[in-house]
Amino acid sequence: MPVAHRRDFILWMFRNGLITLMKLYMTRRAMTNHERRIAITGGAGFIGSNLLLQLLPKYPSYFFVNVDCLTYAGNLSNLRSIESCDNYTFEKLDIRDRSAVADCFERHRIDSVIHLAAESHVDRSIDGPMLFVQTNVVGTANLLEAALRQRERIGQFRFHHVSTDEVYGSLGDTGYFIETTPYRPNSPYAASKAAADHLVRAYHRTYGLDVVTTNCSNNYGPYQFPEKLIPLVIRNAREGLPLPVYGDGKNVRDWLYVEDHCRALDLVFHRGSAGETYNIGGHNEIANIDLVTLVCNIMDELLGGGPRRDMIEFVADRPGHDRRYAIDASKIEKEPGWMPSVSFEEGIRATVGWYLDNEQWLAECASGEYLKYYDKMYGNR
Ligand SMILES: NC(=O)c1ccc[n+]([C@@H]2O[C@H](COP(=O)([O-])OP(=O)(O)OC[C@H]3O[C@@H](n4cnc5c(N)ncnc54)[C@H](O)[C@@H]3O)[C@@H](O)[C@H]2O)c1
């Protein structure tokens, strides 16, 4: 090689080496400067997206790693507004892969997790329960193991497990679920979540891991995949399709606006006592048929036409369909002190309005178009 070329080559090597070292230094500095480094599993799903959109602007000194393998229910385009934030990154990762989870926690020096990743649809669990066992039970066990290893490395680790009121089974016409209500899950989904809750509890009792568990009632609000009741009804009503309601429509659920759930998660994550569980609910019981009728009435009011409630069709009931869920949330209301801030009237109108204003989002979910978002944004990274 001629001398001039060799000198250019050496200078080029030197400059690139310097840039790499600077980058490493900056990454290292950023890592040590963050007050907390939190993995949010299932961050591309309905509640996870809402949670990240709420927490990121609120805690600029925290670093958030969104851990999600993007099943049909994961939609990264929900997070467009935060994806370029310095304190956010996305890891496409399957929690069923134990070594990938451990590696991710070590690489990002994770010190806490808010665990939402799950298979979450009861009907799908009836069709194929084994995926629910793998994701919801084995996936949670993998995260608990990775949490223990991280605690060994950095001395502390908080594990917040996000669960459901469905673990308690079904209520009659009266009564409420409290934190000590015995577990009686009736669907494979509920049973897999119950199993995960037990594992989380056992890792606290056996290994002293700092855990908190929250059991929440039905959520509603923006970004919910349109296989679930409210967005499904809005989409079908918009398209002139029948509005299916299971059985006699008298099954009662306790509905909570998703942003209120996220505020409760924020509070319990920061102030919940280790080893405790907290029930979260909206004090807002409504029968499925009344809910669907209400959504139809709001749509009639906003769009004209109708009455859309005439499109309701009763269909064969879901096997093992729980009759009534209702939460007594007095524990979390007392300590750490949380109350829902969005009334049902306000929340359901905002929700119907959001889906009507975001028809493209709904259409992309229906067509599968949203699945291309990851490749577009992250495919070449
Ligand atoms: N939606 C509700 O009304 C409700 C109520 C109480 C509790 N919960 C619980 O809250 C959590 C979130 O519920 P949601 O309604 O947002 O669910 P969702 O189905 O909308 O989202 C689940 C997310 O988890 C991801 N995921 C699934 N399997 C994964 C895997 N193996 N590895 C990594 N990521 C995976 C999906 O891609 C998706 O982004 C769940 O644990 C659920 O049990 C939900």
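If I filter region 180-194 for residues that are in contact (Cβ under 8 Å) with a residue 40 or more places away in the chain, under 21 Å from Gly272 (Cα atoms) and out of contact with any Gly (no Cβ under 7 Å at 6 or more places or on another chain), do I get at least one hit?
Yes; the residues of region 180-194 include at least one that is in contact (Cβ under 8 Å) with a residue 40 or more places away in the chain, under 21 Å from Gly272 (Cα atoms) and out of contact with any Gly (no Cβ under 7 Å at 6 or more places or on another chain).
If a residue must be surrounded by fewer than 16 Cβ atoms within 10 Å (Cβ to Cβ) and either of a type in the set (Asp, Glu) or modelled with pLDDT under 95 (or both), how many such residues does region 115-144 contain?
Counting residues in region 115-144 that are surrounded by fewer than 16 Cβ atoms within 10 Å (Cβ to Cβ) and either of a type in the set (Asp, Glu) or modelled with pLDDT under 95 (or both) gives 2.
Given the structure, is Val342 part of a loop (DSSP other than H, G, I, E, B), over 19 Å from Glu179 (Cβ atoms) and within 21 Å of the chain's Cα centre (by Cα)?
Numbers: part of a loop (DSSP other than H, G, I, E, B): yes; over 19 Å from Glu179 (Cβ atoms): yes; within 21 Å of the chain's Cα centre (by Cα): yes.
Judged against the criteria, Val342 is a match.
If the requirement is being within 16 Å of the ligand (Cβ to nearest atom) and closer than 30 Å to Thr174 by Cβ, which of these qualifies: Asn297, Asn288? Write out each step before concluding.
Values: Asn297 fails: within 16 Å of the ligand (Cβ to nearest atom).
That would be Asn288, the only listed residue that is within 16 Å of the ligand (Cβ to nearest atom) and closer than 30 Å to Thr174 by Cβ.
Condition check ((1) of a type in the set (Phe, Trp, Tyr); (2) under 30 Å from Tyr278 (Cα atoms)) across all residues:
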site	(1), (2)
Leu302	no, no
Ala316	no, no
Glu346	no, yes
Tyr355	yes, no
Cys365	no, no
Tyr373	yes, no
Tyr378	yes, no
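In the set Gly139, Gly175, which member is in contact (Cβ under 8 Å) with a residue 24 or more places away in the chain and within 27 Å of Ile348 (Cα to Cα)?
Gly175
Looking for whichever is more than 10 Å from the ligand (Cβ to nearest atom), of a type in the set (Gly, Ala, Ser) and surrounded by fewer than 21 Cβ atoms within 10 Å (Cβ to Cβ) here; the options are Ser170, Ser187. Which one fits?
Details: Ser187 fails: surrounded by fewer than 21 Cβ atoms within 10 Å (Cβ to Cβ).
Testing whether each residue is more than 10 Å from the ligand (Cβ to nearest atom), of a type in the set (Gly, Ala, Ser) and surrounded by fewer than 21 Cβ atoms within 10 Å (Cβ to Cβ) leaves just Ser170.
When you look at Gln150, is it away from the ligand (no atom under 16 Å from the Cβ), polar (S, T, N, Q), outside any loop (DSSP other than H, G, I, E, B) and at pLDDT 95 or above, yes or no?
On the way: away from the ligand (no atom under 16 Å from the Cβ): yes; polar (S, T, N, Q): yes; outside any loop (DSSP other than H, G, I, E, B): yes; at pLDDT 95 or above: yes.
Here the answer is yes, as Gln150 does meet what is asked.
Hey, among the residues in region 300-353 that are touching a strand residue (DSSP E or B) at 6+ places or on another chain (Cβ under 9 Å), of a type in the set (A, V, I, L, M) and over 30 Å from Pro188 (Cβ atoms), which one's surrounded by the fewest Cβ atoms within 10 Å (Cβ to Cβ)?
Ala350
If you go through region 22-81 one residue at a time, how many are within 15 Å of the ligand (Cβ to nearest atom), among the hydrophobic types (A, V, I, L, M, F, W, C) and either at pLDDT below 95 or within 20 Å of Asn219 (Cα to Cα) (or both)?
Going through region 22-81 one residue at a time, the tally reaches 11.
Assess whether Ser163 counts as being assigned to a strand (DSSP E or B) and under 22 Å from the mean Cα position of the chain (by Cα).
yes
If I ask for residues that are within 11 Å of the ligand (Cβ to nearest atom) and either closer than 18 Å to Lys228 by Cα or not in a helix (DSSP H, G or I) (or both), which ones from region 117-147 would you list?
Listed by number, the residues that qualify are Ala117, Ala118, Glu119, Ser120, His121, Val122, Arg124, Ser125, Phe132.
Report, by residue number, each residue of region 223-279 that is within 13 Å of the ligand (Cβ to nearest atom), surrounded by fewer than 18 Cβ atoms within 10 Å (Cβ to Cβ) and basic (Lys, Arg).
Passing the criteria: none in range.
Select, from Ala363, Ala350, the only residue that is without any contact (Cβ under 8 Å) to a residue 60 or more places away in the chain, within 23 Å of the chain's Cα centre (by Cα) and not in a strand (DSSP E or B). Even if it seems obvious, please write down each step before you answer.
Details: Ala350 fails: without any contact (Cβ under 8 Å) to a residue 60 or more places away in the chain.
Being without any contact (Cβ under 8 Å) to a residue 60 or more places away in the chain, within 23 Å of the chain's Cα centre (by Cα) and not in a strand (DSSP E or B) holds for just one of Ala363, Ala350, which is Ala363.
If you check Val295 against the conditions, is it closer than 19 Å to Val352 by Cβ and assigned to a loop (DSSP other than H, G, I, E, B)?
Details: closer than 19 Å to Val352 by Cβ: yes; assigned to a loop (DSSP other than H, G, I, E, B): no.
For Val295, the condition - closer than 19 Å to Val352 by Cβ and assigned to a loop (DSSP other than H, G, I, E, B) - is not met.
Return only the number of the condition from (1) of a type outside the set (D, E, K, R); (2) out of contact with any Ser or Thr (no Cβ under 6 Å at 6 or more places or on another chain); (3) closer than 24 Å to Asn358 by Cα that Asn78 does not satisfy.
Asn78 satisfies every listed condition except (2).
Condition first: within 12 Å of the ligand (Cβ to nearest atom), under 15 Å from Gly42 (Cβ atoms) and either free of Cβ contacts under 8 Å to residues at least 60 places away in the same chain or of a type in the set (Phe, Trp, Tyr) (or both). Can you find one or more residues in region 196-207 that meet it?
Checked region 196-207: no residue is within 12 Å of the ligand (Cβ to nearest atom), under 15 Å from Gly42 (Cβ atoms) and either free of Cβ contacts under 8 Å to residues at least 60 places away in the same chain or of a type in the set (Phe, Trp, Tyr) (or both).
The values are calculated or read from the model by the stated rules, or taken from the named source; none is laboratory data. Keep in mind that what you see is a predicted model, and the values were worked out from it rather than measured. Glycine also receives a Cβ, built like all others from the backbone with ideal geometry; neighbour counts cover every protein chain displayed.
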